[in-house]
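This report concerns only the one structure given below.
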Amino acid sequence: MKIFLSLLKSPGFIFGMLLFLGTILLALIPPLTMHLDHQTRVGLPFMPPSGKHWLGTDQMGVDMFALLIQGLRASLYVGFLAGTVATFIGTLIGVYGGYKGGLIDDILTVGTNLFLVIPSLIVLILLSGSIEEGRSLTLIAIIIGCTTWTWTARAVRAQSASLRGRDHVNLARINGYGTFGIVFMQILPYLLSYVFMVFILQTAAGILTEASISMLGLGPYDSISLGKILNEAMKNEALTDGAWWAFAPAMVLITVIVFALYVINTSMEGVFNPRLRK
Amino acid sequence: MFQNHPTLTHILGRAGWYVLTFFVAVTVNFFLPRLGSSNPIDILMAKAGGSSGMDTKAAREKEEAYLKEFGLVQLDRTGNVLRDGSGKPLPTSDWTQFASYLSLSLKGELGSSIIQYPKKVSEVIKRSLPWTLSLQVPTILIGWIIGNILGALAAYKRGAFDKLFYPLALLVSAVPPFCVGILLVYVFGISLEWFPAMGGYDDGLVPALSWTFLQSASYYYVLPFLSIFLIIVGGQAIGMRSMCIYELGADYVRYAKFLGVRESKILQYMFRNAMLPQLTGLALSLGVMVGGALITEMIFSYPGLGMAVLSAIQSNDYPVIQGCTLLITICVLIANFSVDILIGFLDPRIRTQSAGAR
């Protein structure tokens, strides 16, 4: 508890959290207070920002602000879902392998390292290319989670292995607790803050990865997302037309979210790791 | 057998590991496209069978050639495609297909492009690979070196330099690679028109080793280079900074300070120690870096592998996608292997470890 209080004293943590909560509010509040329609044309293509359309219109003449809010919601959703899946798989494999040691650990480590080396973008291209129909936002998030867990597994394994020889773990083993009992009761609680930090990074990675594959034209079919807004803008030559409002807001939002998450992560590292403080 | 050659043992061990990774990568490359509903092979099969009455002879020949090339269909003695009653080709079993894919990949035979038939996939790759290599290898290398130097300086100096540099590096590394690309294209390519925004060389030129061509190519090189470089510098500097802060608290640094060793010398010691985990980090993040750089290539319409993959995705040219992804994976594996070997040479602990009990 004390450590969480000291988190609240860290200016970096407060700053990052405020920034991140700001983007979440931006995704949640406007749809409640105003009429946002991201599907019908309301004007000419690429109309510059005006009082009526705060961020102008896209290549079809759809209100850009409505698109942006919808895209932000989708990207945050993908980030959280992909982050959860990746953290779950990675933590499970990492904690189990690190505690067990021996052959099981070796196999899990080799498997993790294999998929760490093979670029996940490649796996994503091959996989998303083959599921053209039914490539929903949720499915994309799950696929991303299933390809980015390797980092987590590696990092958590190292932490878990270092806890293996601790007294309380040995005591639990002598008392006849099973592997899963020990992993969940004796090891995971010690790693919670670490797992939370990993979750933050994985969420950022999820948002970035979704944007990357959407840029390739392999984005979700059932939803707009920040990456898809960028892809549409690139495809329809918003750049050469000088229609900065078609891509700049989406770029700023992605950057702000990821930056906020990075700041939260590094400030937590600073609090949990006294050696970094000075 | 190699007990007296720890370096050799290390290299052989790593090589074995990478051969294993290669086979997994090939397997992944074969099975992943077959997982989904719009399986490219099924689609091709349906095309080769279904509307055969309407197909022109040439189109049919092309599809048959592709099916035969990859051993996807059963053949009779004379090499004709066996078909069932409705004219659909009879597929071979998945394992036969996998075996033929494996042996073809090992031979470097990647088949023909569907869209640009009868152009070979290897030809497409041969044309774009030099662009990708000449863009990414120097950029990642130089970015890594500069990033680490800046990170070490920030950790050592602290104070005003660090206060300014650290948030800046954090911000730069948080900007997604494609955003940096779009920003540079828009600002320096389109608004200011300082540098060309798209492509790898002037339209009127033909790639050759001539002075005018190299001049034009290096002019087009600036923006893609910068956009990959900035991201890598930011990311590496942050990692190196925290690494060096750890090292600064180490006894050997304090001892050296008490002895009055020159600052530059201490920095040198520290750099060498902090660099090793950074090298390992480089090996692990190469895949991510290369992925980001490929997307940067697409934004700049740079004539490399990224662009080849993008246009293949847009036209559903599966052999080209598969060929490019396989090649990119192999390049990443080779780069990783080189870094691993380098670490072995720089860090004696690694060598003794792999020569030891394991």
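The values are calculated or read from the model by the stated rules, or taken from the named source; none is laboratory data. A quick note: this is a predicted structure, and the numbers were derived from the prediction, not measured. In this analysis, Cβ positions are derived from the backbone assuming ideal geometry, glycine residues included, and neighbour counts consider all displayed protein chains.
For the reader, a short list of remarks on this structure follows.
This table checks each residue for (1) assigned to a helix (DSSP H, G or I); (2) within 14 Å of another protein chain (Cβ to nearest Cβ).
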position: A:177; (1), (2): no, no
position: A:191; (1), (2): yes, no
position: A:207; (1), (2): yes, yes
position: A:210; (1), (2): yes, yes
position: A:218; (1), (2): no, yes
position: A:230; (1), (2): yes, yes
position: A:233; (1), (2): yes, yes
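- For residue A:196, the conditions (1) surrounded by fewer than 19 Cβ atoms within 10 Å (Cβ to Cβ); (2) more than 19 Å from residue A:121 (Cβ to Cβ); (3) at the interface with another protein chain (Cβ under 10 Å from one of its Cβ atoms) are fulfilled apart from (3).
- Residue-level analysis places residue B:190 outside the set of residues that are surrounded by 14 or more Cβ atoms within 10 Å (Cβ to Cβ) and either away from every other protein chain (no Cβ under 12 Å) or under 25 Å from the mean Cα position of the chain (by Cα) (or both).
- Candidates are the residues of segment B:118-130 that are touching a residue at least 60 places away in the same chain (Cβ under 8 Å) and in contact with a Leu (Cβ under 8 Å, 6 or more places away or on another chain); the one that is nearest to residue B:232 (Cα to Cα) is B:129.
- Selected residue (criterion: farthest from residue B:225 (Cα to Cα)) from residues of segment B:270-323 that are of a type in the set (D, E, K, R) and crowded, with 22+ Cβ neighbours inside 10 Å: B:317
- Across segment B:288-295, not a single residue is classified as small (Gly, Ala, Ser) and farther than 17 Å from residue B:178 by Cβ.
- Odd one out for residue A:165 among (1) farther than 30 Å from residue A:45 by Cα; (2) out of contact with any Asp or Glu (no Cβ under 8 Å at 6 or more places or on another chain); (3) part of a helix (DSSP H, G or I): (3)
- Considering residues of segment A:124-141 that are buried (at least 17 other Cβ atoms within 10 Å of the Cβ) and away from chain B (no Cβ under 12 Å) only, the residue farthest from residue A:187 (Cα to Cα): A:137
- Looking only at segment B:291-329, and only at residues there that are of a type in the set (Val, Ile, Thr) and more than 9 Å from chain A (Cβ to nearest Cβ), the one that is farthest from residue B:104 (Cα to Cα): B:296
- Residue that is surrounded by the fewest Cβ atoms within 10 Å (Cβ to Cβ), among those in segment B:171-180 that are hydrophobic (A, V, I, L, M, F, W, C) and more than 7 Å from every other protein chain (Cβ to nearest Cβ): B:172
- Here residue A:13 meets the list (1) touching a Leu at 6+ places or on another chain (Cβ under 6 Å); (2) loosely packed, with under 12 Cβ neighbours inside 10 Å; (3) not β-branched (Val, Ile, Thr) almost entirely, failing just condition (2).
- Matching option when the condition is more than 14 Å from chain A (Cβ to nearest Cβ) and more than 28 Å from residue B:320 (Cβ to Cβ), among B:153, B:135, B:168, B:183: B:153
- Residue A:107 being surrounded by fewer than 23 Cβ atoms within 10 Å (Cβ to Cβ), of a type in the set (A, V, I, L, M, F, W, C), within 18 Å of the chain's Cα centre (by Cα) and not in a loop (DSSP other than H, G, I, E, B): no
- Residue A:80 away from chain B (no Cβ under 14 Å), modelled with pLDDT of 90 or more, assigned to a helix (DSSP H, G or I) and surrounded by fewer than 21 Cβ atoms within 10 Å (Cβ to Cβ): yes
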